[in-house]
Every structure is written in structure tokens, then in C-alpha cells.
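Asks: Take this structure, written in C-alpha cells, and hold onto it; I'll ask about it next.
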């Protein structure tokens, strides 16, 4: 397109090209510029490595917190599954009433399973396990009530509490009990950690933006003369900007990869310690690493940060460099 | 082709670089712009290449009023003007080929088409054998010729040169001028700023003389230019 000279054939666009050809050239052009930017990073490894390192370390903290939340949630759900409601029946409940209650509970759609423990059976168990042994045989009456263990179908603490409240109203039930206090506390801690993770992630993302922006700004200043020459021979701002944007994207990408590597090393290092703890608790807990989709999100966020950081730097700095020429 | 109408350029602080300058360079004409340093030669060239804007008056290229060209259009205007600089303005860490190809790359050329044009431009300035060299391995005259090749590679209708023979010995200066003449002969309008009066005297082209921002002579090199 020539503004001064109507009909002057300028640029490759003046040459007739098929749409497909243009489309292919567009991508080839971008690919070439992306690779050129990669080459530039390769040429100045010291400053680029430093930036990538800052990115990698900055992103590691929020990712670590995210993994912590994820694993804690895994613990709380695995405990949730075991949640059971104990119904202590009234002392004068007889056999038919018990059968009636069992039938009623089994018909309840909220209930997954009902297990009845007879009070004599309970006493036998207690005698065997409590260690009081013969001392208990001096008790004349069995002081224990009949117990029913009810497994809720929906194991979340809210649903279990609702079921607990309704079972409490049953005619033959003396006391219904669900020990979810500590579960609620764990949930609260997990959500606190999640909130902290979000806050830390936001702060560090801002830091990453500033670091990328500053690196790109220095690169622009280093190439001030070159940019001036390009402006003198008719390069548009967007043309001059593009390589710097690609550089930002590459920095973000490598920062994301570095974060992943640091995270893997960290997990490998913590694995033994966590195994020791879980063994002591006889738990089947296994450490959840970063999943493939989470890695994808990580890289996406890192690349986006690199792009936005360089975009901010480029927009401010490139238009400020004016061709002083001549 | 190039027309100045009562153009004044004053800078903040009251310095008047150009004072009501008017002239008209015809299509296919070659002319010199001369005067002492500080007389306004560079300012005049800057107004043409839109590095600066006039305070009052108008500049036309091919009938297009440059005051109507907005900021985003400036790069496209510069693509129609070949500019040659006293200090060459080459990219020192890129090869001669890359330097000459720069205007083409910016316009979206690639591949064989680009290579053909770059080689043609380098051939015209006699540097085809230096295509792979880095600029700093070349002499001053050769660097200047690379600059010329870059200016003409996309075949602009108008060529501006600011002291193109500034640091060159007379023999090399003549070579460079011959290159400009060759372009002029194929229809390119050429405006060369130079204070090399002996060179101008030999060349016998129209000469625009500036003194303290005023156009004091417009014609063949004569006694008016040398004081």
C-alpha cells in the first residue's frame, strides 16, 4: 500500500497470491519470527537465564501451595468416606421395634448401609478390647445400649449433618452422633491455605509481569539504534514489537518448564518424609504430583504472563523511540 | 514531485531552522541542497521524511499534503522514500545482505523474490561480492554504498541523501555520485544535501542553497553558493 504514489506496487502484498498461499505464508512468517526470537535468547543467555530463573522460582511457590491444597483435600475426602453415624437406642427398645427401625432406615434413600450391634455383642467386644477384662464381669446389668451404625449415602459433612439431625428425631433413638468436628476444622484449614495460595499467586504473578517487563525493556534499550534504523526505513511499530512479544512468550514458557522441574525435584525430596509420616498413621495416603492438565495450565499461565509482561514494556517503550535520523 | 510552500520550522526556544522556504523538485530531477552546517539542510530533509513536522507551511510529495499523513501512516510514507545517511545507519551485527533486505522484509517479501532484488541493488552499487560480509569489515565508502543499496532496493520514486560523501575522499565521492546519477537516469528524483562545493561545481546540477534557514539561491552552482 502506497500513500504517496497511487498504484505504485509495493510490498509482497502487491503480488497476487492465493488465499491459501497467504495463509501459509502468514504462519511461516510468524514461525520464523518466533524462532528468531528464540535464537536471540540463545545469544544472550546470561540475562535470559536470570529472568527464566526468577520466573521459575516465583511460580514454584503458588504451585507448591496448590499441590498442598490438593493433597489435603484428598486426605479430607478419604476420611469423609468413612463417616458413620452412630445411633444409640433407648434402653427399653425391644426386638420388634429394632426390626422396625432397621426396615425404616433401609428404606431411607439417604442411607447407604445399616449395621446393627446388639448390646450384649457390644459388651463382649468391649470386654475383649478395653483391657478391663474380668472387672467388667462384676457389673450385673449390661450398661451398654443397642447401637446402629448408619453410613450416609452422601458423605459430605453438610449432608451427613442433615441426616444426623433427622435421625435424631426417630422414636427409638436416644442419641445420634457423628464426629465431624475435626473434619470441619480440616476443611476450614484447607480453604484457608487455598486463600493464601491465591493471594500469594496473585502477588507473584505481578512480580513476574514486572520482571518480564523489565527484561524486555532492557532488550529494547539495547537495540535502540536498530529500532531507529527500522523506523527510518518504514517499519511499523507493530512490526518492531513482534520479536519482543515472542521473546516474552519464550521467557514465560521456559519459566513454566523450570517451575515444573523444581516442583518435581521438591516432590522427590519430600516423598520419603511424607512416606514416614503416613506409615506412622497407617494411612494409605499417596502424594499426588502435578497432573498433565495442571502442567498444561501452568505453562499456559506462564506463557500468558510472559506475553502480557512484554506487551506492557513494548507498548510503553517502542513508540517512545523516535527516528532522530539524518 | 517534491514541493515546499512557505515552510517554516522553529524549535522551542525560538530557534528558526527554516524560514519560509519554497521550492519545487520536478519528477525525475536531480538537485543538490547546500549551505553551512546549521543552515537547515538536515531540518529540510527531516520534514520530507516526517521525522519532524513544519511549524507553518506545507510539504507535498507527488501532490499529497504531508500534514494529512497521520502517525500510523508515517512508516508507509517512508517506504516510498529512499533515505541515505551520513553515518550510514547500518545494522552492524547483521550481514550486508540482511541490511539491504531490511526494507523488503518489512514490506513482507521473502524467499527468491527478495534475494533477487537484494542482489540487483548490490550489483548496482558494485558490492555483489560482499553480500555475506558484516558492515564493520567494509571500508567507509563501501558502507555508504550498502546504505545506498538499502535505500533503492524497493525502488522508491524519491531518493534523499544527507551528506553521502561526508567522510569520503574525492575519488570515492565521485563514484558515489555516479551511482546517484545512474538512478536519476532511470527516472528517480534525487535530492542530495552536501557542503562539498567543489563536488557540486563539477557536477553542474540545480543547487538549492540555504543560509540561516533561508533559501538564498535556487539554480546552478554559482558565486552565490560559495562565500
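The values are calculated or read from the model by the stated rules, or taken from the named source; none is laboratory data. If you're wondering where the values come from, they're calculated on a predicted model, not measured in any experiment. Note that we place each Cβ from the backbone using ideal geometry, even for glycine, and neighbour counts take in every protein chain shown.
Asks: Being crowded, with 20+ Cβ neighbours inside 10 Å and under 26 Å from residue A:53 (Cβ atoms): is that true of residue A:309 here?
Replies: yes
Residue-by-condition table, conditions (1) in contact with a strand residue (DSSP E or B) (Cβ under 6 Å, 6 or more places away or on another chain); (2) within 14 Å of chain B (Cβ to nearest Cβ); (3) touching a residue at least 12 places away in the same chain (Cβ under 8 Å); (4) crowded, with 18+ Cβ neighbours inside 10 Å:
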residue: A:167; (1), (2), (3), (4): yes, no, yes, yes
residue: A:195; (1), (2), (3), (4): no, no, no, no
residue: A:251; (1), (2), (3), (4): no, no, yes, yes
residue: A:268; (1), (2), (3), (4): no, no, no, no
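Asks: Considering only helices (runs of 4 or more DSSP H) fully contained in segment B:47-151, which possess at least 3 residues that are within 13 Å of chain A (Cβ to nearest Cβ) and touching a residue at least 24 places away in the same chain (Cβ under 8 Å)?
Replies: B:74-78, B:96-106
Asks: Any residue at all in segment A:284-306 that is over 23 Å from the mean Cα position of the chain (by Cα), at pLDDT below 95 and more than 14 Å from chain B (Cβ to nearest Cβ)?
Replies: Checking segment A:284-306: not a single residue is over 23 Å from the mean Cα position of the chain (by Cα), at pLDDT below 95 and more than 14 Å from chain B (Cβ to nearest Cβ).
Asks: I'd like to check something: does segment B:170-180 contain any residue that is in a helix (DSSP H, G or I), touching a strand residue (DSSP E or B) at 6+ places or on another chain (Cβ under 6 Å) and under 30 Å from residue B:211 (Cα atoms)?
Replies: yes
Asks: Taking the condition touching a strand residue (DSSP E or B) at 6+ places or on another chain (Cβ under 7 Å), modelled with pLDDT of 80 or more and under 30 Å from residue A:288 (Cβ atoms), does residue A:86 pass?
Replies: So residue A:86 does not fit the description; no.
Asks: Step by step: first the residues of segment B:17-46, then only those that are part of a loop (DSSP other than H, G, I, E, B) and surrounded by 21 or more Cβ atoms within 10 Å (Cβ to Cβ), then the one that is nearest to the other protein chains (Cβ to nearest Cβ). Which residue is that?
Replies: Of everything passing the filter in segment B:17-46, B:40 is nearest to the other protein chains (Cβ to nearest Cβ).
Asks: Would you check if there is a residue in segment A:259-279 being outside any helix (DSSP H, G or I) and assigned by TED's automatic domain parsing to the domain that holds residue A:52?
Replies: The answer is no, given that none of the residues of segment A:259-279 is outside any helix (DSSP H, G or I) and assigned by TED's automatic domain parsing to the domain that holds residue A:52.
Asks: Is it true that residue A:312 is within 20 Å of residue A:42 (Cα to Cα) and in a helix (DSSP H, G or I)?
Replies: No: the conditions fail for residue A:312.
Asks: Could you tell me which numbered condition residue A:230 fails, if it satisfies all but one of (1) part of a helix (DSSP H, G or I); (2) out of contact with any helix residue (DSSP H, G or I) (no Cβ under 6 Å at 6 or more places or on another chain); (3) free of Cβ contacts under 8 Å to residues at least 12 places away in the same chain?
Replies: (2)
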